[in-house]
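Worksheet for the structure shown next.
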Amino acid sequence: MKVCIIAEGCYPYVVGGVSSWVHSLIQQFPNIEFIVTSIVANRSQRAKFAYKLPDNVSEVNEIYLMDDEFETGRRNKKAKLRLSTAEFEAIRGLVIGERVDWKTIFDMFQHRRFHLNDLLMSEDFLRVAEEVYELRYPSIVFSDFLWTLRSIYLPLGFALKHTPAKADLYHCVATGYSGIVGSVGKELYGSPLLISEHGIYTREREEEIIKAKWVTGVYKDFWIEQFKKMSMCAYDYADIVTSLFEDARSLQIELGCPKEKTRVTPNGVSVSDFENIPQKAPDDGMINIGAAIRVTPIKDVKTMIQAFYYAKQKNPKLKLWIMGSWDEDEEYARECFELVRSMNIPDVEFTGRINVKDYLGRMDMLLLTSISEGQPLSILEGFAAKRPHIATNVGNCRGLIYGEGDGLGAAGMVVPVMNIEKISRAICEMAEDLEKTKEMGEIGYRRVCAKYRIEDMKRVYTDTYKELAEKAGVKWPEKNVVIEKEEVGKSGGRHRHKAK
């Protein structure tokens, strides 16, 4: 059985929750051959893997969303692209916001050979732009509108022009561009499509666009609408759509996903991996607070630092360990380093990329100040290490910490997003009663053992994969796959690790 797993902006380039989940999932199924299709920004990330690929990964294909288009052969600049009536109406529906004829869109991008600029600079695209301009945005400058429109559809064009490797199942780790590529695969080969949403892509992109400085005014609405259309495409084509917790499933349904396609499949961690981790030295003398995070804006590290500063004023024994890479957004990381320096905050340690199991046992409590999450693996790993969490009220953090009717009690504290005062107060409260804090860690351990073990996740996905394999008429493999890999050159915007 061959599964093409499609991820955007994460695996195998970035260490983090979603990437760890993908890596773990692949490792759980050594009997399945996996092809990884990874959607990244540009060629500067080419083959810069943060993970050692599991033995059952036969191929890695890259799609670049911000790139000079890679094409073999020479472009005929004199030839003008002419769309058929069906193609024109499909492009018109895509841009104007009517129900999109994705089949015609897929056929056009997969079977007609043209440069993306030929489409975006064509008379037909200009006609569509003029129509939507007159309908909605006649008060803004048309030339600015036209170039913005082209910038929106260029990355989508790169995704649409990618021909996925043939597989028995397409498994997307989000909707968005990943969902588009998975939908193309289903359209081309008839294989089932599984969508596993960790965060709800449409809502996350909406939050990013609203806060973004690079897009302003009515263009924010246009970008948000585009992401909604892409997610609806994935929902329509998908056979099964999973989420990590019930509220996320409800949001998927609210956003247009058919209810009968949706399922809740919680995350899972290997509890046994945390049984014999290094522990805090008896003479440590400090109260250690750990944050197993990437230093990026979505983790709101600046709020974390400021909250720690005020807690440190009240309890000098506190020490903050920020345990994760800072190379994903180096400018933001520098701003965080400078914030620590300018506020003259002692006992803040940026570890960089580490093996979290070497550190978790040395912490008294853990801290997560994200502005957006799904069901954080960092909380589950903390629970496996018997460490409680202070976390902002995003995603499923409240459900993990307070339980969802399991009667076990609180495994930490939930605080409002970006609320420095309440985060600081929670740190002080837990630091004042370390015995109670330890009891919270034990509650977290019992909770993760009861519901969030890697064995539970594997069982759920085994059933799901078997169900879709049967639908595709594919026999479930009993033996582990054996793949001999070799690196081959770039081709069509791809970097491959392919079986001989």
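The values are calculated or read from the model by the stated rules, or taken from the named source; none is laboratory data. For clarity, every value in this text was computed on a predicted model and none was experimentally measured. All Cβ positions, glycine included, derive from the backbone under ideal geometry; neighbour counts span all protein chains shown. Just so you know, the surface numbers come from the protein's heavy atoms only, side chains and all, with ligands and any DNA or RNA stripped out. Shrake-Rupley method; radii C 1.70, N 1.55, O 1.52, S 1.80 Å.
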Checklist entry - Does Val128 satisfy the condition of being closer than 20 Å to Lys80 by Cβ and either acidic (Asp, Glu) or modelled with pLDDT under 95 (or both)? => result yes
Checklist outcome for this item: Of the conditions (1) over 30 Å from Ala292 (Cβ atoms); (2) modelled with pLDDT under 95, the single one that Phe106 does not satisfy is (2)
Checklist entry - Do we find a residue being open to solvent by less than 50 Å² (accessible area, probe 1.4 Å), polar (S, T, N, Q) and in contact with a Leu (Cβ under 7 Å, 6 or more places away or on another chain) anywhere in region 198-216? => result yes
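Residues checked against (1) basic (Lys, Arg); (2) at pLDDT 95 or above; (3) within 24 Å of Glu432 (Cβ to Cβ):
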site	(1), (2), (3)
Asp283	no, no, yes
Arg294	yes, no, no
Pro297	no, no, no
Lys302	yes, yes, no
Pro316	no, yes, yes
Lys319	yes, yes, yes
Glu328	no, no, no
Checklist entry - Of the residues Arg205, Arg294, which is among the basic types (Lys, Arg) and in contact (Cβ under 8 Å) with a residue 40 or more places away in the chain? => result Arg294
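Checking the condition out of contact with any strand residue (DSSP E or B) (no Cβ under 9 Å at 6 or more places or on another chain), modelled with pLDDT of 95 or more and surrounded by fewer than 19 Cβ atoms within 10 Å (Cβ to Cβ), which residue from Glu432, Glu478 passes?
Only one candidate qualifies: Glu432.
Mind telling me which of the residues Val132, Val141 ends up being in contact with a helix residue (DSSP H, G or I) (Cβ under 9 Å, 6 or more places away or on another chain) and free of Cβ contacts under 8 Å to residues at least 40 places away in the same chain?
The conditions single out Val132.
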Checklist entry - Hey, which of the helices (runs of 4 or more DSSP H) in region 76-187, taking only ones fully inside, have at least 1 residues that are in contact with a strand residue (DSSP E or B) (Cβ under 9 Å, 6 or more places away or on another chain) and not small (Gly, Ala, Ser)? => result 142-161
Checklist entry - When residues of region 382-406 are filtered for being open to solvent by 50 Å² or more (accessible area, probe 1.4 Å) and either under 18 Å from Gly268 (Cα atoms) or at pLDDT below 95 (or both), how many remain? => result 6
Next on the checklist: For a quick check of your reading of the model, give me the residue pairs whose first member lies in region 332-357 and is open to solvent by less than 70 Å² (accessible area, probe 1.4 Å) and polar (S, T, N, Q), whose second is at pLDDT below 95 and assigned to a loop (DSSP other than H, G, I, E, B), with beta-carbon atoms closer than 7 Å and at least 6 apart or on different chains.
Outcome noted: none
Next on the checklist: Looking only at residues that are of a type in the set (Ser, Thr, Tyr) and in contact with a Lys or Arg (Cβ under 6 Å, 6 or more places away or on another chain) in region 242-283, which one is nearest to Gly382 (Cα to Cα)?
Outcome noted: Ser243
Item to check | Subset of region 338-395 [within 21 Å of the chain's Cα centre (by Cα), under 13 Å from Ile322 (Cα atoms), part of a loop (DSSP other than H, G, I, E, B) and of a type in the set (A, V, I, L, M)] | outcome: Ile354
Checklist entry - (1) over 27 Å from Thr462 (Cβ atoms); (2) open to solvent by less than 50 Å² (accessible area, probe 1.4 Å); (3) of a type in the set (D, E, K, R): which one isn't true of Glu33, the others all being true? => result (1)
Next on the checklist: Residue under question is Asp221, and the condition is that it be touching a residue at least 24 places away in the same chain (Cβ under 8 Å) and either farther than 17 Å from Ile39 by Cβ or among the basic types (Lys, Arg) (or both); does it hold?
Outcome noted: no
Next on the checklist: Being in contact (Cβ under 8 Å) with a residue 40 or more places away in the chain and open to solvent by less than 40 Å² (accessible area, probe 1.4 Å) is the filter here; which residues of region 21-30 pass it?
Outcome noted: Trp21, Val22, Ser24, Leu25, Phe29
Next on the checklist: Residue pairs, Cβ under 8 Å, 6 or more apart or interchain, first in region 273-285 and at positive phi, second at pLDDT 95 or above. List them.
Outcome noted: Gly285/Lys317
Next on the checklist: Considering only region 74-93, I want to know if a residue exists there that is within 20 Å of Thr163 (Cα to Cα), modelled with pLDDT under 95, of a type in the set (Gly, Ala, Ser) and exposed (fewer than 12 other Cβ atoms within 10 Å of the Cβ).
Outcome noted: no
Checklist entry - Any chance region 177-187 includes a residue that's surrounded by fewer than 23 Cβ atoms within 10 Å (Cβ to Cβ) and more than 23 Å from Asp300 (Cβ to Cβ)? => result yes
Checklist entry - When you go through (1) of a type outside the set (Gly, Ala, Ser); (2) under 24 Å from Cys233 (Cβ atoms); (3) open to solvent by 30 Å² or more (accessible area, probe 1.4 Å); (4) under 32 Å from the mean Cα position of the chain (by Cα) one by one for Met108, which number turns out not to apply? => result (3)
Item to check | Arg398 part of a loop (DSSP other than H, G, I, E, B) and under 23 Å from the mean Cα position of the chain (by Cα) | outcome: no
Checklist entry - Looking at region 217-249, which of its residues are in contact with a Leu (Cβ under 6 Å, 6 or more places away or on another chain), under 22 Å from Gln375 (Cα atoms) and surrounded by fewer than 19 Cβ atoms within 10 Å (Cβ to Cβ)? => result none
Checklist entry - Given the structure, is Asp364 among the acidic types (Asp, Glu) and surrounded by fewer than 16 Cβ atoms within 10 Å (Cβ to Cβ)? => result no
Checklist entry - When residues of region 239-253 are filtered for being acidic (Asp, Glu) and farther than 15 Å from Arg398 by Cβ, how many remain? => result 1
Next on the checklist: Going through Gln252, Gln306, Gln279 one at a time, which residue ends up being in a loop (DSSP other than H, G, I, E, B) and either open to solvent by less than 50 Å² (accessible area, probe 1.4 Å) or in contact with a helix residue (DSSP H, G or I) (Cβ under 8 Å, 6 or more places away or on another chain) (or both)?
Outcome noted: Gln279
